[in-house]
Amino acid sequence: YIYKRRTEEEAPERDIAKPELNDCSIFGSIHRIVFARSETKPHTIGLMYPMAMNNTNNILKDPLEIRNNLKKRKLKHGPDEIFADIHERVVHSSKDHQSDGISIEEESNWIHAQLRPLLKESDHDRINIDDIANFLVLHHVEKLEIPFIAMYRKEQCRSLLEIDFDLDHKPEAVWHKVLWMIQDLDRQWLLLRERKVFLLGFYYSRLFQQESANQFLLDSLVRSVKAAETEREVDDVDSKFCLHFPPPRDYTSCAQHNNTNSNSVLREAANKFGYSSEQVGLAWPLKKLLVGETEVAKETSPEEMALNYVSAMFEHPQAVLTGARHVAATELSCEPSIKKCVRRIYMQNALVSVSPTPLGNMAIDSFHQLAGVKWLRGKPLTMFEGTQWLLIHKAEEDNLLQVSFKLPENCMYTLVSECSKHFPSAGVSSKCAQLWDKQRKLILEEALDGFLLPSMEKEARLLLTSKAKVQLLSEYGHNLWNKVSEAPYTKHNPEFSTNEEAAPRVLACCWGPGNPATTFVMLDSFGELLDVLYADSISLPPKNADSRQCIKKDKDRLLKFMEDHKPGVVALGAANLSCARLKDNIFEVMFEMAGDFTEVPNWIYDLSIVYVDESLPRIYQNSQISGEQLPHQSGIERRAVALGRYLQNPLAMVATLCGQGREILSWNLHSLENFLDPDEKYRMVEQVMVDITNQVGIDLNLASSHEWLFSPLQFISGLGLRKAASLQSSLIRAGSVFSRKDLINHGLAKQVFVNAVGFLRIRRSGLAASSSSQSFHLLDDTRIHPESYGLAQELAKDIYDLRGGDNYNVNATERVRDDGAASLRNLVLDEYLGSRKQESKKETYSSIIRELCGGFKDWRRQYSEPSTDEELSMITGETITEGRIMQATVKRVRTGKAVCLVDCGLTGTLLKEDYSDDGKDILDLSNRLFEGDVLTCKIKSTQKNLPRLFLVCKESEMRNNGNLDPYYHEEGVQIEKEMAPKEKDRFKFRMIVHPSFRNITAHQATEYLSDKQFGDCVVHPSSRGVNYLTLTLKIYDNVYVHKEIVEGMKEDDVCIGKTLRIGEETYECLDWMMDWYVGPWVARLVTILNHRKFRTGTQPEVDDLLRIEKGKNPKMVVYGFGVSHEHPGTFILSYIRSIHLHHEYIGLSPKGFKFRKKMFQELGMLVAYFKRHIHDRSLKHQ
């Protein structure tokens, strides 16, 4: 039942052709074929056709089963496998890898070709195919991991690595991306090869079962499978096989059984068209022309031929021809060589166009994440870069964008012309031949339009998704690499740091709101917890005398805590903006502590406070491993410990979260990482961690004393999670190890030992530091592999001899290392290698010389304290950059500016000039903005020392989008510009029943009120969206004011909200708003319009009237009220005291008249105030 239902659900996706001719009914269901294969046992296939099984190596498995087995073998190891002489991260199918010269050469050529689209052209050109072959031999035959090959087999893979021979230059940690790419492609090659072998055996077995097997078809399928170079091409061959060899009758439905006769009729009729799909497919790549006609075509027309096949199912010749054309078109579309040619043309020339849906047109505005790709026109598939397609694909699923694929007209014409050359006849003039030629053209059209092009579109979508995810994975890994490739914090940042004493004692601090309290933990140089201090009040703002006293006590306690433990650095978790106050308080404690000494000690003088990102420590706090490592500490204490350890050893802290629980995947490293599967992300994490861990190395004796330092051990070459755990247990039981060769006694098998030993440090540290009776081999504390100890000792002896050393009892290696680089300055490496005839080992000798200068020098990037921008980003949780779009809430409004609170918690200032494009004409910003308004703004600039933002929300700035795609649809931009005035009038129909409400636009509202009285109003939908309404009032002739109404507590988008906020007032319904807001507002309007000093006309006309009145009464102060046409909703008080004309604005409100920042309930009171203070210049500009 489950199988039947699945087939019925998936069948519509396969039914691309005409509905009356179902492909499954004619050719069989692909799902049934897969089901049939899963029931066929591999050993049964071998018995049925033993010759086909000679070269299968007993690996006949379904591809899905192969992939599942790889995962299972990788993740589930039994106890015996822990001690197996093979590293855990090996591709387990590689034991079946054919390591003969022909197979390696074939695979290396294939990998080299697959690398081309993954690398820059210059990087690809320098890669040598022989080096790829050498890597495959090293990886599969010698079972060596990538870190070992990159460190100790450079000579065999020179073109795959970046090698620096400058011995004076400090080596840098390198992510060996090319080697990891080759390993991934090798894995793909293995799966491809196994699938091809499986298909060959399966095809032979099926053909052997059928007595009427077509030998020509068999040979064609075998050749196609062997020539296939990608999974897609293998799919093409498999689809052809499924077409011509439907499943046995046991696996077919009754409908298919009843249609067997009709299927054979259609196939027989389709053969009358002349050339088979096989012939066309063979001719196309060779550009051969098929000429001539079949005997049937010379003698009869298509309709006459079809008469021979008329039956109850096909009642007339046209039905026969339609079915036969469908069969022929399906066969053409399943021909591998034809699909390969069409695929090449399509993928190179197909164009993608993107346009918004009606929902997307409303949702994607000029500052939306998708604004740059809202309109795309004719963007080639090959031009999609980065992760852009993932955003487009997600928007398409969310019904915001619609995407279309098409071939350019010239490419489509070329494709049809190419098809026409190889299928319809050329140079024939008989009437019957022309009729047959017409039928073949119809077949081609159906094959292209009905099958091939839709199939290519699906493949193109998959290709774009795969390409984008590869880029996303690379960016994800790069972000992780930047974090783990940074060296630990060191006080003086020495260029080469090797001693554990260089790690400072850390005082780690995590901010707490009070419950839990702000917590300080003290860690020693090895990351072990020494002491804990809780400070309840130190991070709180001083509100009164009691709170200031509590803060003072916490500071005194912290001062004593620091004097007792003498930290080398303070690590402050960047949790929120309150941490800035906490940092200031800690600084005050440090200054007070320094003042207690006549001569400031060095530890205080060098003490600094460093912000540390809390994202990883928070994950550690909630992880299972933190409970195992710190079982008696609270959550905030664990977080603080992780904070300090991350500063001391970031690599070990990241590796701590890479255990069985894979908590590291919760670390947000990319904004689009949700598009990646957890397994994909962890494979990338594993790549990065393996590369960096082996270049840094692990001090086993130090880790034996401090177990948290063992966490990177799982990423050492040759090991894995289980082998590392076993080795760790053995080393902890032993307490210390004194030689690399002793590691064999701790359970490392030979091959694992070879892979791992060069990256494991053995020196006098940890418990071994007190073992004075034990001697340590000097080279065990270097990256020199034991296989090269002989070369290193000979080189050291030769260098010692060059210096004139004559005491042969002296250990030359120790003397050369003690002298450091000075001993090597007189050595010319090329000349030395020439004298030793070791020119081919230049890379090995270069590495030896570097390690003799100082073993295990840190190749990681030097630690650098966070910049001001990075600190700001950490404490706000946002990337604060100029030009970023953010939401801001208005908190206070002044005449010339508004103070806003941005979403991230920072304070922003919005000047009236930056509020709108006509900001210079705004006299009082408080008439436009109100407390609580939410604005969409852009960051204009930042004042980082406070910190404070300066915002802008002018439409011209907000529409200035520099992220437009080069293929942005210019017509779409023009359409948007032409529709811009109309867009403001667009609205969504609202289900609101009220006498004052109309479902009209703002423009229609003004037309509706044009013949109404002054003070009449109408409520209508807002163009801002479904959460807003607009109140339009008629002030005067051709003067209207629009008041925004914000709806709250909405149940849906259509009905009105339960609360209505207009200005600073909130009402529960429209009736209340009309009574308590509109009524008083209109009453004030009528009052001023009916005042005896009101003057009609524009402002210049009112001015002229006042000048005339002044001329008649020179000794009087003349004044009058007029309507402000520039700022609807306000009135202008114009007056002349002596000579000059003055203007001041009067605002209307339900509470009264606003004049000079004062509110007057009656207009007479305003006039009286004006007359009393007419000469007060200090009040005029308020």
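Data table
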| read-out | value |
| --- | --- |
| Spread of Cα-to-Cα distances over 10 Å intervals beginning at zero, given as percent, for the range 878-960 | 20, 56, 23, 1 |
| Which listed pairs, of 483/944; 1112/1171; 1058/1158, have C-alpha distances above 26 Å, in listed order | 1058/1158 |
| At R0 = 30 Å, FRET efficiency that the Cβ-Cβ distance of residue 409 and residue 188 yields, to 0.05 | 0.25 |
| Lysine pairs meeting the criterion (Cα under 15 Å, 8 or more apart or interchain), as found in the range 522-613 | 4 |
| Alpha-carbon Rg/Rh ratio, for the range 981-1081, with Rh computed the Kirkwood way | 0.94 |
| Length added when fully stretched, residue 1004-residue 839, from 0.36 nm per residue minus Cα-Cα | 50.6 nm |
| Sites residue 470 and residue 353, calculated FRET efficiency, Cβ-Cβ separation with R0 22 Å, nearest 0.05 | 0.40 |
| Too-long pairs where the Cα-Cα distance tops 25 Å, listed order kept, from 797/857; 177/681; 891/1043; 467/938 | 467/938 |
| Calculated FRET value between residue 994 and residue 1064, using beta carbons and R₀ = 30 Å, to 0.05 | 0.85 |
| Distance between modelled label sites at residue 909 and residue 362, nm, 7 Å Cα→Cβ extension | 3.9 |
| Two-decimal log10 I(q)/I(0) for the range 1091-1180, as the Debye equation yields it once each C-alpha is a single scatterer, q = 0.15, 0.16, 0.20, 0.24 Å⁻¹ | -0.55, -0.63, -0.99, -1.37 |
| Spacing of the two label points (7 Å from each Cα toward its C-beta) at residue 934 and residue 344, in nm | 5.6 |
| Under the Karplus curve 6.51 cos²θ - 1.76 cosθ + 1.60, θ = phi - 60°, whole-Hz ³J(HN,Hα) for the range 674-686, x wherever Gly or Pro sits | 5, 6, 9, 6, x, 5, 4, 5, 5, 4, 5, 4, 5 |
| Spacing of the two label points (7 Å from each Cα toward its C-beta) at residue 828 and residue 169, in nm | 2.1 |
| 18 Å tail of the calculated P(r), the range 339-481, as % of Cα pairs | 65 |
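Any read-out appearing in this document is the output of simple, stated calculations on the displayed coordinates, not a laboratory observation. Because the structure is predicted, anything quoted here is derived from the model rather than measured. Every residue, glycine as well, gets a Cβ built from its backbone with ideal geometry; the counts of neighbours run over all protein chains shown.
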